[in-house]
1. To the nearest 20 Debye, how big is the dipole of the chain about its Cα centre, given +1 on the beta carbon of each Lys and Arg and -1 on that of each Asp and Glu?
2. Of Ile54, Ile326, how do they rank once you tally other Cβ atoms within 10 Å and put the fewest first?
3. To the nearest 0.05, what FRET efficiency results for Glu100 and Ser35 with a Förster distance of 30 Å applied to their C-beta separation?
4. If the chain between Asn415 and Asp115 were fully stretched, how many nm would it gain, using 0.36 nm times the residue separation less the Cα-Cα distance?
5. Gain in length, Lys169 to Lys247, computed as 0.36 nm per residue apart minus the alpha-carbon separation, to one decimal in nm?
6. Evaluate the distance, in nm, between pseudo-label points positioned 7 Å from the Cα of Lys302 and of Lys8 along their respective Cα→Cβ axes.
7. In terms of modelled amide H atoms, which long-range or inter-chain residues lie less than 5 Å from the amide H of Asn317?
8. Long-range amide H contacts for Thr232: which residues qualify at under 5 Å (H placed 1.01 Å from N, peptide plane, sequence gap of 5 or more or a different chain)?
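Throughout, read-outs are computed from the coordinates displayed, never taken from laboratory work. As the structure is a computational prediction, the values presented were derived from the model and not from experiment. In this analysis, Cβ positions are derived from the backbone assuming ideal geometry, glycine residues included, and neighbour counts consider all displayed protein chains.
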Amino acid sequence: MENNTHPKKPHAVLFPYPLQGHVIPSVPLAVKLASNGFTITFINTHFIHHQIKISQPNPTDNDDIFSEARKSGLDIRYQVIGDGFPLGFDRSLNHDLFWEVFPKVFPTHVEELLDDMVPSSEPPLTCLIADTFFTFFSMIAAKYNLVNISFWTEPALVLTLYYHMDLLKENGHFDSPDNRKDVITYIPGVPAIEPKDLMSYLQATDTSTTVHQILNKAFSDVKKSDFILINTVQELEPNTISALQEKQPTFAIGPIFPSGFSKSIVATNMWSESDCSQWLSTKRNGSVLYVSFGSYAHASKKDIEEIAYGLSLSKVNFIWVLRPDIVSSDETDILPVGFEDKIKGRGLIVTWCCQIEVLSHPAIGGFITHCGWNSILESIWCRIPLLAYPLLTDQFTNRKLVVDDWKIGINLVDNKPITREEVSEKINRLMGGKSRGELMKKIEEARNTLENALSHSGSSENNFSQFVSELKVKIE
Ligand code: UDX
């Protein structure tokens, strides 16, 4: 790259994956980089942009999600590009079609954008940061001579398992007609993992699906990146991260939260939030269970019913986020008849809320979670022990970390099928049982680990600085 007497100001174009759980950590990453002297051009798809806008209480045409951040002096630019479908297309209902078409059409939109941007941008564009799930950014980085940074929004354990899909395949634990069921002991940095704790996509018997094509391409593409940034903490996953570092420059820089961990100056939510604070303020400290299955996973109507009965039997106060599409069928009445009357006063049902605000409220004492990685990090930060109920993808692997390794949570269900009696028993065990003391001790330790990592000379801050210095050497 061109030599200059003045150090180049890094200018990164940042592409979050167009899903809620991926946009959420990408936004504070952009803010963190901009706070450290980067110019950032953040690219949302038209659909994500529109959803975030209409979910705001007072949307205005001229503002974008970084308008406030810009007022505080950060150089964050914002652009919107198409994802191949019209705005009104229901991406959740037509999930398979969307994920089949999107990876084929999106590269063209990205190239059109960069054809415009690269010749004229000031400061010149030097690097690109793209979510690891994208399948084609090594080609783009090479075409425009940009440093290629892969951003991984899940734990290092999940990354390393995908990274070593070939080993799992060679050993017959993945992609064989009859996948082996014994413990896996040959993945670098992972002493042992049971096949049931692999991500759902690696447990599947049919691997001819669109998602498997995406995984194969994405995890071959990441091997060509110059740097990998992970939203995790070195001390939480030391061996896994060290093993990855032997393969490629890898930096654990998490947890990446909005600054101040309260309502951010940057909006990221795609659905309107219900305000829970008034309701929570009427409840005793530590007495409310928060229940949420994130932005993406679905559950069966039967399981939702058992959870509802379990909540009712437990007699515990709760807030339950029930997205309208939580049950993937067309069912509208997913709760048992009379449920809402039964739980009046002690249960609040909403379709979406500001989760970090709810978890930060002193009334919250426990969290039934699908084990999405953002939810786990947020819960640790707020010292809220977990009841783990994984549904899809990385959530099974994240459960292992929460329950088996870090012991900051317990399983909601030990043996399927889920029953209301077990749900009620586990809720009471989490909220007030004998094991609560031990869970609280462990969650406090985990919180300290996160806090130390983010402190002035903590591992995540050091890793971030190290990444910035190595990047600057590369772009000079
Ligand atoms: C998915 C994966 O499961 C996750 O592991 C991966 O890192 C990203 O893609 P999702 O299922 O949405 O994400 O779960 P999670 O990672 O927990 O993210 C959900 C986010 O939405 C959290 O940041 C949470 O604070 C937020 N949220 C959720 C709200 O703000 N309000 C809600 O009502 C529910």
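1. That gives the chain a dipole magnitude of about 1220 debye.
2. By the 10 Å Cβ count, ascending: Ile54, Ile326.
3. With a Förster radius of 30 Å, E is 0.20.
4. 102.6 nm
5. 26.2 nm
6. The two pseudo-label positions are separated by 5.8 nm.
7. The answer is Leu289.
8. Placed amide hydrogens put Ile253, Gly254 under 5 Å from Thr232.
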